[in-house]
Protein chains: 2
Amino acid sequence: MRSGGERLEAYARLAVRIGANVQPGQLVGVSAHLEHAPFARAITREAYAAGAEYVDVLFTDQHVRKAHIELAAESKLGYTPSWLLERTDAIGRVRGAWISITGTAEPDLFADLDGGRAGRARMLELSRLMLDQTDQALVNWTVVAFPNEGWANAMFGEPDVERLWGALSHTVRLDEPDPIAAWSEHTERLERRAASLNERRFDALRYRGPGTDLTVGLLPEADWMAAVDTTIGGIRHVANMPTEEVYTTPDARRTEGVVRSTRPLVIGGTVIRDLEIEFRRGRVVEARASTGQEMIRTHIDSDDGARRLGEVALVDGTSRVGRTGLTFFDTLFDENTTCHIALGGAITQAVPRSETWSPEERSARGVNYSSIHTDFMIGGPEIEVDGLTADAGAVPLLRDDVWLLEPAGITVAD
Amino acid sequence: MRSGGERLEAYARLAVRIGANVQPGQLVGVSAHLEHAPFARAITREAYAAGAEYVDVLFTDQHVRKAHIELAAESKLGYTPSWLLERTDAIGRVRGAWISITGTAEPDLFADLDGGRAGRARMLELSRLMLDQTDQALVNWTVVAFPNEGWANAMFGEPDVERLWGALSHTVRLDEPDPIAAWSEHTERLERRAASLNERRFDALRYRGPGTDLTVGLLPEADWMAAVDTTIGGIRHVANMPTEEVYTTPDARRTEGVVRSTRPLVIGGTVIRDLEIEFRRGRVVEARASTGQEMIRTHIDSDDGARRLGEVALVDGTSRVGRTGLTFFDTLFDENTTCHIALGGAITQAVPRSETWSPEERSARGVNYSSIHTDFMIGGPEIEVDGLTADAGAVPLLRDDVWLLEPAGITVAD
């Protein structure tokens, strides 16, 4: 067993070498909360060791953000500092790398805030700029999480950080003798699964279960992918650690029916529980939740695309995240427990050449455009997922969380 | 006695209302180390309460900086991110406010680093931009300190934060029933002292004591001032809390002799002890130190002005900082224990209109220009300070740390 310091170092190495895959001479932007400082420091050292030219760590603090939401003038809630835009733009200009650290220390910190103000206190221009940058594959990037007391407390009711480390280490394969080799094998398996879906070219997916009867239309030109991307400069990187999903960009005009979220989700520090959404002709016409309802309603009013789907992802019961049996209250993990969909901007990598389309052209072709991208979980053993063919035939994809579709002739290791 | 939370709130109010004197509608930049988070949060709330439009807290981390000094390529040591320049410039453009938090948590963190690399790892362009901004009085600003365990440990050999709070509260007059009124009275007293020096228009100051025999030429057009400034927009602010000094800009061409520092100083995390400097015709020709010698030598090679004086300041034994009997290992405090001088950029506010002069014109007129401004302490009960008149007459200013010069007819309260 590794010591705490060695574990952190090995984890930082995984984030830098496999996740962002930092190259010599790259400018590296790291985003962290104050509580992530030990990991941010370890990542900084590993990034310099990988040859980074300069590592810029932007520490943000949820208490400072809370003061802004509570106390700033209404007209200044969405204020975006020019220097944050310049930071993002500058790293894109030089084809730099991003490493984002997640794992909130106080998941309920914003619970007592006015949901409307919290929803409006977003730097839309900045998130649009970041989405454009990843759409255009300018930067190699990853999102990784750092266990901390507050997060452990939210998950377990006690600040058992070691228990969280144990769960997390399993999901990011740090518990393997050779984590780097384990990641190689794992991403290859996900890429084979994506290939098996691409062979079939389903016209739509159908989800059925308690509170859910949803059909999501697919685009004939969209590919299924694993969360392994390649930049325009040819740098392969793993965008999420952990990742267990295969995903594609759905047709934003063809979502119909109702869906009940099977896990809580967190938006800007507010927990949304028991979310139920109804879609008609691709558009959310109703959103209800037992907590955070005002937040989700403000959120889907962010812009025209915020009420349509930009992603659909499939995850089965072999997921290491799902197998922990835990709710992490963090999308990075919870989206990898089970099937999910996302409101907001499409993942253009899944639709060849769509990153060059104007927002109007994207809308016209069903590739959603928005400043938000918000995943929520809709899968689990009670949910049946079918692939629908153009002639309305149904192929079972998931039953009891078991993946049923494999390409002929390929044996997949568990 | 106030509770910890009330004390922090009262302190933040002092920093915001008296220190920076934040005005409604202002953009406020706060600089903090990670260890200053509680104070940065309290300041953020007070600044919004004072009507700030947006409060941007930039958290920096000494461990991240250390990794950069240790591991970055030599050619990238002085790398300055464009977004940090933009942040500073943007706040100047809109006539915003700055609040800088000091109080290092690990004063010896950089002790094992290569002093040359540490010296070269400075964002010169950024510090030049900030000095230009304060020279031009665009922004209302203050520097305040936050007690923390590491700092207390460096001072007392144990992490006695309450003891540090006690000492600090006295120096910033938080222990007064009405700290805001106490500050008014205190700054008026310092301003009267500056006025008494301005009446005399000394030609030079002379310092004599163990290891010290130094004459610093003064500029006929320079004024003595207290650390109370007024921006071009008319906002009065207290630039340092605590402050006990009166200061002026000396003639950078007329420093002669040797001086021994009477307290340690810290440059970029490196402690410089037992500093001895020799000046000829205004220029440092020799610098020695028992620790940090390489750092100070690299530092004075930063640019042409780094070897000349930009400030001379007088502090007597009534100083609340001096009376604590403590060495704080932080210039904000240690420079207010006793008399000091500074290598590097002049304080242009002390020389009317000099902020509009080009670097060349400044040099020609003895108003030093540099990207550094580094104070070190040269006073104490063993040091005799005289004001020299143009005809070489000597007027005693300080003996045994007692201030001897008062304008006729004014009684000064202790």
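The values are calculated or read from the model by the stated rules, or taken from the named source; none is laboratory data. Remember, predicted model here, so these are calculated numbers, not experimental data. Cβ atoms come from the backbone with ideal geometry, glycine included; neighbour counts cover every protein chain shown. Just the protein is used for accessible areas: all its heavy atoms, side chains included, with ligands, DNA and RNA removed. Shrake-Rupley method; radii C 1.70, N 1.55, O 1.52, S 1.80 Å.
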Taking the criterion of being over 30 Å from B:Met155 (Cα atoms) and either touching a helix residue (DSSP H, G or I) at 6+ places or on another chain (Cβ under 9 Å) or in a helix (DSSP H, G or I) (or both), would at least one residue in the range B:330-344 satisfy it?
no
Note on the range A:250-275: residues of a type in the set (Asp, Glu) and farther than 19 Å from A:Glu311 by Cβ are A:Asp274
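Answer with yes or no whether A:Thr104 is polar (S, T, N, Q), in a loop (DSSP other than H, G, I, E, B) and more than 8 Å from chain B (Cβ to nearest Cβ). Steps first, answer last, please.
Working: polar (S, T, N, Q): yes; in a loop (DSSP other than H, G, I, E, B): yes; more than 8 Å from chain B (Cβ to nearest Cβ): yes.
It is true that A:Thr104 is polar (S, T, N, Q), in a loop (DSSP other than H, G, I, E, B) and more than 8 Å from chain B (Cβ to nearest Cβ).
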Which residues, taken from the range A:38-59, are in a strand (DSSP E or B) and either within 8 Å of chain B (Cβ to nearest Cβ) or at pLDDT below 95 (or both)?
A:Tyr54, A:Val55, A:Asp56, A:Val57, A:Phe59
Taking B:Ala111 as meeting all but one of (1) surrounded by fewer than 20 Cβ atoms within 10 Å (Cβ to Cβ); (2) at pLDDT 95 or above; (3) farther than 24 Å from A:Ala12 by Cα, write down the number of the exception.
(2)
Assess whether A:Gly157 counts as being over 21 Å from the mean Cα position of the chain (by Cα) and within 21 Å of A:Leu8 (Cβ to Cβ).
no
Of B:Ala49, B:Ala10, B:Ala20, B:Ala32, which residue is in contact (Cβ under 8 Å) with a residue 60 or more places away in the chain, open to solvent by 10 Å² or more (accessible area, probe 1.4 Å) and small (Gly, Ala, Ser)?
B:Ala10
Screening B:Ser3, B:Ser75 for residues that are over 21 Å from B:Val238 (Cα atoms), out of contact with any strand residue (DSSP E or B) (no Cβ under 8 Å at 6 or more places or on another chain), surrounded by fewer than 24 Cβ atoms within 10 Å (Cβ to Cβ) and more than 10 Å from chain A (Cβ to nearest Cβ) leaves only B:Ser3
Residue count for the range B:170-181, restricted to those that are surrounded by 15 or more Cβ atoms within 10 Å (Cβ to Cβ) and over 15 Å from B:Asn336 (Cβ atoms):
4
Given the conditions (1) in a helix (DSSP H, G or I); (2) without any contact (Cβ under 8 Å) to a residue 12 or more places away in the chain, every one holds for B:Glu158 apart from (1)
Sole residue being within 9 Å of another protein chain (Cβ to nearest Cβ), touching a Lys or Arg at 6+ places or on another chain (Cβ under 8 Å), of a type outside the set (Gly, Ala, Ser) and touching a residue at least 24 places away in the same chain (Cβ under 8 Å), chosen from A:His63, A:His68:
A:His63
Counting only residues that are charged (D, E, K, R) and either outside any loop (DSSP other than H, G, I, E, B) or surrounded by fewer than 16 Cβ atoms within 10 Å (Cβ to Cβ) (or both), the range B:302-325 contains a total of 5
Those residues of the range A:60-72 which are open to solvent by 40 Å² or more (accessible area, probe 1.4 Å) and in a helix (DSSP H, G or I), in sequence order
A:His63, A:Arg65, A:Glu70, A:Leu71
Which of the residues that make up the range B:355-383 are assigned to a helix (DSSP H, G or I), touching a residue at least 60 places away in the same chain (Cβ under 8 Å) and small (Gly, Ala, Ser)?
B:Ser363
Could you check the range B:311-333 and list, in sequence order, the residues that are touching a Pro at 6+ places or on another chain (Cβ under 8 Å) and either at pLDDT 95 or above or not assigned by TED's automatic domain parsing to the domain that holds B:Ala350 (or both)?
B:Glu311, B:Val312, B:Arg320, B:Val321
Could you go through the range B:193-212 and let me know if any residue there is among the aliphatic types (A, V, I, L, M), assigned by TED's automatic domain parsing to the domain that holds B:His373 and open to solvent by 10 Å² or more (accessible area, probe 1.4 Å).
no
Looking at B:Asn153, is it under 30 Å from B:Leu388 (Cα atoms), open to solvent by 10 Å² or more (accessible area, probe 1.4 Å) and without any contact (Cβ under 8 Å) to a residue 40 or more places away in the chain?
no
Between B:Thr80, B:Thr88, which is out of contact with any Gly (no Cβ under 6 Å at 6 or more places or on another chain), within 11 Å of chain A (Cβ to nearest Cβ), crowded, with 20+ Cβ neighbours inside 10 Å and in contact (Cβ under 8 Å) with a residue 24 or more places away in the chain?
B:Thr88
So, in the range B:196-219, exactly how many residues are on the phi > 0 side of the Ramachandran plot and hydroxyl-bearing (Ser, Thr, Tyr)?
0
Among A:Thr248, A:Thr215, A:Thr243, A:Thr230, the single one that is more than 18 Å from A:Ala342 (Cβ to Cβ) and not assigned by TED's automatic domain parsing to the domain that holds A:Val16 is A:Thr230
Within the range A:265-283, can one find any residue that is over 30 Å from A:Ala97 (Cα atoms), open to solvent by less than 30 Å² (accessible area, probe 1.4 Å), at pLDDT below 95 and not in a loop (DSSP other than H, G, I, E, B)?
yes
Tell me yes or no: at least one residue of the range A:134-148 is outside the structural domain of A:Gln349 (by TED's automatic domain parsing), in a helix (DSSP H, G or I), surrounded by fewer than 17 Cβ atoms within 10 Å (Cβ to Cβ) and not small (Gly, Ala, Ser).
no
Candidate set: the range A:10-33, residues that are at negative phi and part of a loop (DSSP other than H, G, I, E, B); chosen: the one nearest to the chain's Cα centre (by Cα)
A:Ala20
